[in-house]
Every structure is written in structure tokens, then in C-alpha cells.
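Okay, so here's the structure we're looking at.
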Amino acid sequence: MGSSVDASATETDGDTTETDIDVDADSDTDDYPPLSDSCPFSEGEKVLAYHNLRIYPAKVRRIEFQMNEWKYFVHYLVSINSWDEWVGMDRLLKFSEENVQKQKALGKKQGIDKNTKPVRASQIKPKNFARGKKWKNDCVTKEAIPVEKLVNIQIPPTLKKQLVDDCEFITHLGQLIRLPRAPTVDKILKKYLDYRIKRDGMISDSAGEILKGLRCYFDKALPVMLLYERERQQYQEAIANNVSPSTIYGAEHLLRLFVKLPELLFHANIEKETSKELQMELLDFLKFLQKNQSAFFLTSYISSA
């Protein structure tokens, strides 16, 4: 995708920095992970994985022993830039004829055929991103999107590290972001609007539309592609009575949106000239996030317990 960080998810393709663990020589042998022979799946193995109440073909990329159980970093084979994720053994099945039939039966029950893919960009149709530019209704693509057709959003290096740290806290350390966040996404967008008016003396109509579009994208994308598995229960508890995610979540989840934006924008009917203007506005917003990184982003998360 056009972004220089692929979070497809945002696990950054397994490039997450590993943490060194000091082992006490006198510790009980029960603290050591079991032999790899006891692990029911292997790296590189094709499997079937549960995702959003459906079953999809996937490949095991990495295996780790975390919190007294095996964890598997899987890549969904049918998705386009979908979020790779860490899952437990309870969400994996061997790729066998019996389990393939189970996959088909579940797909039929959900009213989908065997080629249906996980929820992705083409299924998110928020309001116009730029003035007068409507979303296509028939933008379901079945092949990988050529990189040259994606809006190139260069995420600053310090924000890339923020994404990696975010992944580390949640997927490896089992921690969460305390909700509601302060400042929220809504307030960050308002701060940016004030910043632009103070800097430029005014803000163009198109820039204002882009900020509205960012908020709309965030609210619609968060539950389907901006959450790690560990965060889903927290989301169900935090979002109630039609509360908008942008009034609860903050900079950490907003930054994840920029990893997915190139794919999302591919499905919008945006003219080339408008696309260039959009790219410049998004880059300016990212620089604003970077400038205020210490004020907007957390440096530590809370225990998921």
C-alpha cells in the first residue's frame, strides 16, 4: 500500500521489536516454554482461522509461547492489506477436508459464498471525503491493488515507531489503552483546525471537508479494521447508545487509520488533481501529530485485566 508502514495491519509484517527477557537461573522449570513438538501448528503452515464469526484460509507466520499458551501470528490469505494478527489456538483449525466443509457450512449460514473476504475498505462507505466526490457503490476488487494507484502517505519515522510500540503493548504485553482517551479524536481534529486558522489565517473549504471526512472514516473503520483482537471486548463496553468512536478513542487509533487510508481512498471516486491536494493535506496533518506527539500519545498502557 502507499503508506510506508503496513499494518495489515499493523503488525508491521512481523518487524515489531522483540523484547529481551532475563531468565533467573534459579527459577522453576515450569516457567520455560514447552518443547516445540508440543505445538499443534508450525510456522508456514496453511490453516483455517476464525475471524468475525467466519472462517478464512490463513498462514501461520510466527509462533510464540505467551502467558502459558501458544500464540500464532497469522496472515489471512484471501484479504487485501487486511490486518494480520496474533490469535490463540482456539481460533485455528487444521486445513483438512472436514474443516473446509465446516468453513463452507458456516459461510452458507452467514449468507456468503466461499469467496467472500473479511470486512475491508470496499465495504466502508462514509460520506464524501472531498467536496463533491462520491464513493463508488461497486468498488469490490478481487485482486491486489497496484501500489502506483494508491495515495502515497508517508508516515514520519517517529510515528512509525509509535505504531510499532502500540503493537508491542497490545499484542505482546497484553495491555490496553485506557478509555476514554484525552484528547479524543474529535478534539485533536479541532486542535488541528485551530492550528491551521492561526497559521494560515483561514482554512479552505476542501481542507474542512477533509477533516470531516477523517472523522467519518475513523468512526466507520474503527470497529472493522482498526482494532486488535484484544481490544474488541473493550470496544463493546466503551461504545454504547450510538456513541461515536471519535469521542472515545484518541491519537493511537487515529494513527492506525493512516495505515489503512491508501486502500480506503482507492475505492473513492476522486479525481487526480483532488487526490494530490488530499495527499498534501493528510501529510500536513501527520506533521501536526508528530509535532504534538508527546501531548497526544500515551507512553504506557494499562493491564488488560
Review point. Under 20 Å from MET225 (Cα atoms), open to solvent by 90 Å² or more (accessible area, probe 1.4 Å), modelled with pLDDT under 80 and among the aliphatic types (A, V, I, L, M) - does that describe any residue in the stretch 126-146?
Key: yes
Exercise for review: Answer yes if at least one residue in the stretch 260-283 is closer than 13 Å to ASP166 by Cβ and touching a helix residue (DSSP H, G or I) at 6+ places or on another chain (Cβ under 8 Å), and no otherwise.
Suggested key: no
Check your understanding: Can you name the number of the only condition in (1) at pLDDT below 90; (2) farther than 25 Å from MET225 by Cβ; (3) surrounded by fewer than 13 Cβ atoms within 10 Å (Cβ to Cβ) that GLU97 fails?
Key -> (1)
**Study point:** Whichever residue in the stretch 171-180 is in a loop (DSSP other than H, G, I, E, B) and open to solvent by less than 20 Å² (accessible area, probe 1.4 Å) and, among such residues, is farthest from MET280 (Cα to Cα)
**Key:** GLY174
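The values are calculated or read from the model by the stated rules, or taken from the named source; none is laboratory data. Computed from a predicted model, the values in this text were never measured in an experiment. FYI the Cβ positions are ideal-geometry reconstructions off the backbone, even for glycines, and counts take in every protein chain you see. The area values use the complete protein model at the heavy-atom level, side chains included, leaving out ligands, DNA and RNA. Shrake-Rupley method; radii C 1.70, N 1.55, O 1.52, S 1.80 Å.
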